[in-house]
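Read-outs throughout are calculated quantities, based only on the coordinates presented, and are distinct from any laboratory measurement. In this text, all values refer to a predicted model and were calculated from it rather than measured experimentally. All Cβ positions, glycine included, derive from the backbone under ideal geometry; neighbour counts span all protein chains shown.
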Amino acid sequence: MTDTEWADILKSSPKEAYGKLVECFGGLVYTIAADKLAGCASKDDIEDCVSDIFVEIFRSSDKYSPDNGNIKTFISTIAKRRAIDAFRQLSRKYSTTEYIDDPDCAPLPNSPDDTENEAEENILRGTLWEAVRSLGKPDSTIIVYQYYYGMTVADIASRLKMTAAAVQKRSLRARDKIKSLIGKGEENG
Amino acid sequence: MERVKRMDNKELLNKLGGLEDHEIEKVAEEFPPLSDEDKSRIIQKCLDKTTDTDGAEGETVSGTEIYSRPKWYKFAATAAAIAIAAIGICGTVYLTRNMSDPSASDKQNQSTSAQGAAVSSYTITEHVKENEKTNTAVVTSAPVTTTTATEKPYVAYTTETSSTSSETTSSTTETTTETDVTTIDPLNTETTAAATEPATETHTETVTVKLPVGYWKSEEDGRERYWLFYHDGSGGKFHFAETGTGLSFTVDAEEDHAVFHFGSADESTKARITWYNSESFAIDWEETNSHELFEADPDEKIED
């Protein structure tokens, strides 16, 4: 589907526009929202965020022109901005304030100029995803669904047509394996 | 990587977030997050949010609601405006009266038809006490108007007759005694009057007699006379134009008429004076029942 066709679709009826937008870009938008909200949102929170994103895309149809860029860039930009807003709202909602004197307090996020730590985080993230992918399906899918998309064991079991106990057992083994893989990679590195 | 060893599994796996754009797209394709059921649910949520918001935005209003003011408001406003105006007028009158010069007010009361500067003032008090326990009659005559010879041709005598009766008497007898008192300060006039004011029931009657002053000429039955009336109002003199002979006289005010004493005080002639304007008047002599017309004499043909 060309960008011009998408421009026409955005100006069509809400039902038609939402149907085609979610069908084509639902996975991407959901992944963007899940990535920005990782660790602080449930599946319902992410779905709410996703629906808000599509509503805003539909309402911003008059701002979209095929001459200014493709539809995927337009949608990704709105999705990231809206997901960041949702992250701020959820952070306030769940009152995630922690005191740095508290021993249980998580490490402070890196400051923008903390290049060394940022590089370390990126390396760790890359290593982690390599470890997840090395698990093979369905274990990698279970870990991604559970820890990246925020799904519950029941949802994952339903999606993968497995029992919840089997999903739980596989998840446990996968986590241990990931940690050992990362530790082994560190020793080898 | 000591830090990784200290992390639990959950903490470690939360590090999956924060991917670059191209990595996100790759993950979305590799691990599709939405089932058909999820997509339908999200579409429905989008439609609900669009309908709710559009509904809120689409509410329109039309028409004009006519505001009807209560009827009593008009009357209340009118009454309030009238009350405010009345208070303002009353306040102005009250202030004007209270802030005016009392002495000027007195002078104004004392002048009758005369205008101009006063040169002298007179008080003639006639006070009689025949029997204080039974009856008291007080007659006060006060020439309260003074004039200059050129501007004001007369002096006005105001006579106030006060009749006072006590409760112990069965019959009332009025007796009048005349006493002339001349004062300069009008305030003394008030003091005198206050001293003679009886304590019981009082009936007051005021009569004004205007006695001429200055130079006049008159004519009666073809006889022309020249007159000089003294400025103090006590009397004057005249002579006939034809013979040059004449008499001096004194004059008193008595109730509503004047009494002339030509030659001697024993001789009394009652006269009623009628003023036409500031330059002419007439005297009706009661004794001869004659009418004599007077005009101002600018030549002053009689010697002072």
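How are the C-alpha pair distances of the range B:212-296 spread across 5 Å bins, as whole percents from the shortest bin up?
Whole-percent P(r) values from 0 Å outward: 3, 15, 24, 34, 19, 5, 1.
Under a 5 Å amide H to amide H cut-off, with H placed in plane at 1.01 Å, what residues pair with B:Gly246 once short-range neighbours are removed?
Answer set, sorted by chain and number: B:Phe240.
What residues have an amide H closer than 5 Å to that of B:Glu254, excluding those fewer than 5 places away on the same chain, when H is modeled at 1.01 Å from N in the peptide plane?
B:Val259
Between A:Lys15 and B:Asp299, how many nm apart are label points set 7 Å from Cα along the C-beta direction?
Going from the A:Lys15 label point to the B:Asp299 one covers 13.1 nm.
What are the ³J(HN,Hα) couplings of the range B:75-88, residue after residue, when phi is run through the Karplus curve with 6.51, -1.76, 1.60 and θ = phi - 60°? Round to Hz, x for glycine and proline.
With coefficients 6.51, -1.76 and 1.60, one gets 5, 4, 5, 4, 4, 5, 5, 5, 4, 5, 5, 4, 4, x Hz.
Taking the Cα centre as origin and putting +1 on Lys and Arg beta-carbons and -1 on Asp and Glu beta-carbons, what dipole magnitude results for the range A:115-188, to the nearest 20 debye?
Working: 12 positive and 10 negative charges, 143 e Å.
In debye, rounded to 20, the range A:115-188 gives about 680.
Using 0.36 nm times the number of residues separating A:Glu116 and A:Gln89, minus their current alpha carbon distance, what extension gain do you get? Walk me through the intermediate numbers first.
Numbers: separation 27, 0.36 × 27 = 9.72 nm, distance 2.95 nm.
Once the chain is fully extended between A:Glu116 and A:Gln89, it gains 6.8 nm.
Could you pull out the pairs from A:Lys15/A:Lys93; A:Lys11/B:Lys39; A:Lys11/B:Lys15; A:Lys36/B:Lys45; A:Lys93/A:Lys179 whose alpha carbons sit more than 29 Å apart here?
Working: A:Lys15/A:Lys93 31 Å; A:Lys11/B:Lys39 21 Å; A:Lys11/B:Lys15 39 Å; A:Lys36/B:Lys45 21 Å; A:Lys93/A:Lys179 32 Å.
Among A:Lys15/A:Lys93; A:Lys11/B:Lys39; A:Lys11/B:Lys15; A:Lys36/B:Lys45; A:Lys93/A:Lys179, the Cα-Cα distance tops 29 Å for A:Lys15/A:Lys93; A:Lys11/B:Lys15; A:Lys93/A:Lys179.
Fully extended, how many nm does the chain gain between B:Ser100 and B:Ala265 (0.36 nm per residue separation, minus their Cα-Cα distance)?
54.9 nm
Return A:Cys49, A:Cys40, B:Cys90 ranked ascending by Cβ neighbour count within 10 Å, so the fewest neighbours appear first.
Working: A:Cys49 25, A:Cys40 17, B:Cys90 10.
Going from least to most buried by this count: B:Cys90, A:Cys40, A:Cys49.
About the Cα centre of the range A:3-93, what is the dipole size in debye to 20, counting +1 per Lys and Arg Cβ and -1 per Asp and Glu Cβ, all else neutral? Let's see the in-between values first.
Details: 14 positive and 15 negative charges, 80 e Å.
Magnitude of the dipole: close to 380 debye.
Using the Cα atoms of the range A:115-188, I'd like the radius of gyration and the largest Cα-Cα distance, Dmax, both in angstrom.
Gyration radius and largest Cα-Cα distance of the range A:115-188: 13.6, 44 Å.
With θ set to phi - 60° and the Karplus curve 6.51 cos²θ - 1.76 cosθ + 1.60, what are the ³J(HN,Hα) couplings of the range B:209-220 in order, to the nearest whole Hz, using x for Gly and Pro?
10, 9, 8, x, 9, x, 9, 9, 10, 9, 9, 9
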